[in-house]
1. For the pair SER288 and LEU449, how long in nm is the line joining their label points, each one 7 Å along Cα→Cβ?
2. Select from ALA407, SER349, THR424 the residue farthest towards the positive end of the dipole of region 333-428; place +1 on Cβ of Lys and Arg, -1 on Cβ of Asp and Glu, and compute about the Cα centre.
3. Could you list which residues have their amide H under 5 Å from that of MET110, counting only those 5 or more apart in sequence or on another chain, with H placed in the peptide plane?
4. In whole Å, what are the Cα extents of the chain along the three principal axes, biggest one first?
5. Starting from the amide H of THR386, placed 1.01 Å from N in the peptide plane, find each other amide H under 5 Å away whose residue is 5 or more places distant or on another chain.
6. Taking H as built 1.01 Å from N, whose amide H comes closer than 5 Å to the amide H of HIS419, not counting residues under 5 places away?
7. Just want the answer: with Cβ charges of +1 for Lys and Arg and -1 for Asp and Glu, which residue in GLY156, LEU211, MET170 is farthest toward the dipole's positive end in the chain?
8. Karplus couplings for region 358-371 from phi (6.51 cos²θ - 1.76 cosθ + 1.60, θ = phi - 60°), rounded to Hz, Gly and Pro as x?
Amino acid sequence: MSAVIDTHDHEHDHHHGPAKGFSRWLFTTNHKDIGTMYLIFSFTMFLLGGAMAMVIRSELFQPGLQIVEPEFFNQMTTMHGLIMVFGAVMPAFVGLANWMIPLMIGAPDMALPRMNNWSFWILPAAFAMLVSTLFMSGGAPNFGWTFYAPLSTTYGPPSTTFFIFAVHMMGISSIMGAINVIATILNLRAPGMTFMKMPLFVWTWLITAFLLIAVMPVLAGVVTMMLMDIHFGTSFFNAGGGGDPVLFQHVFWFFGHPEVYIMILPAFGAVSEIIPAFSRKRLFGYASMVYAVGAIALLSFVVWAHHMFTVGMPVAGQLFFMYCTMLIAVPTGVKVFNWVATMFRGALSFEAPMLFAVAFVILFTIGGFSGLMLAIAPADFQYHDTYFVVAHFHYVLVPGAIFGIFASAYYWLPKWTGHMYDETLGKTHFWMSFIGMNLAFFPMHFLGLAGMPRRIPDYALQFADFNMISSIGAFMFGATQLLFVYIVIKCVRGGEKAAAKPWDGAEGLEWTIPSPAPYHTFATPPEVK
């Protein structure tokens, strides 16, 4: 069903603007307001998680213990991972979905606007609880973002219980958001917009939403089992009581690997909008892109144990998970090929969104290749738990998720604010982020190959030079993000007026409405030919 019933008349709409003051934000059901709140929240969490990364890199700037105690270092690595994954990247994509999906499919709002409000406001409460664990007796969770049992159960600090409740609340928020995205896309598409006419960003989000609904209950299950082990005398993960710690890893990674794609697929969609716009060509191989995203999502359910080759798996199991993991390279290769083919012989221009999108394609491919190296079971025994793994997933998540978010933000900022951002500052932000990111994470490949273990506050002298370079890069990347804050504030406050369609090659319903997007849009559904 893709019909929208128009119950508003335009005279009435004219007087139906946003409420005044704080109540506008507290009670809003408008998808644009909620999208804005998600984006501001996620960037705040990005700065908080980034500040923790600065503590980690300051400690690792040179060998020896100089700034923080090892216990606090462990808390920082744990909280950095949790905040970046659940607080920064995921809410940023939900914010983009809230802002853009209704505009892209010609819907007046999200299908379940009150639930939308709820799913946002649960998040600040969840993260307030998580961050408050830093001030509790025994400190914050210190067992890594993967919270392996029994480190997190038998040996976890007392604040683990609050961490578990915080994860439950984040999961509820994510599931509610995912239901809303699915209901909106299935029911509120403009007449004539068939599935195979939907923008790629909408497609990738539809698939991501199904992934969220499939795996977030698994995460809720594993933390509930932890809660039972800690407080109710069960022994799911306690070998002393007949349980099995490896069970934890199986359940966690059944959630954890699709979670990686939850953080990447919407970026695939956004980049698939941006590259055609700045190549002034249609996207090459639209249908194959849709099927590739679907294939990646399906395969993500059968590769979880590649994170666990070293636990003592039978050879048949290692082979199965190794080949399944390598299979993901096929649909991913299709996507990279299509992006390159779209750019081939296009009338390219390199504004900030395109720069971030091209960097996304190149650097994500590097992250993908190091992932293939880790997928080879015998090789993984060498790399496991070294800085090579840290380098791999930061190459996937920083250029993959975060560059994808920056590309999207620059691409749609004119639509959101009605002003063009400062292009010179935008490009400066890109180049400093690009150089800082590569300086920070590329040396980690060599550190890992040389055998430096991860999650340690001190290291042997031979790792000193690469660690120093890595820390300098991290400081550069971190400081550059303050420039992004300035660019966005400057853009919101004024600047050159943005046209309804500020980018020549951009296509889609969102560019048919004025910039900034009016508070209510598509009260009358547009016709899609």
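1. My value for the distance between the label points is 3.2 nm.
2. Among ALA407, SER349, THR424, the one farthest towards the positive end of the dipole of region 333-428 is SER349.
3. Here the answer is HIS31, since their amide H atoms fall under 5 Å of that of MET110.
4. On the principal axes, the chain reaches 69, 52, 46 Å in Cα extent.
5. ARG454
6. Distant-sequence amide H within range of HIS419: ALA498.
7. Farthest along the dipole direction, towards plus: LEU211.
8. Here the 3J(HN,Hα) series is 5, 4, 4, 4, 5, 6, 5, 5, 4, x, x, 5, 5, x Hz.
The values are calculated or read from the model by the stated rules, or taken from the named source; none is laboratory data. Given the structure is predicted, the values throughout are model-derived calculations rather than measurements. Every residue, glycine among them, receives a Cβ derived from its backbone with ideal geometry; neighbour counts consider all protein chains shown. With ligands, DNA and RNA removed, areas are computed over all heavy atoms of the protein, side chains included. Shrake-Rupley method; radii C 1.70, N 1.55, O 1.52, S 1.80 Å.
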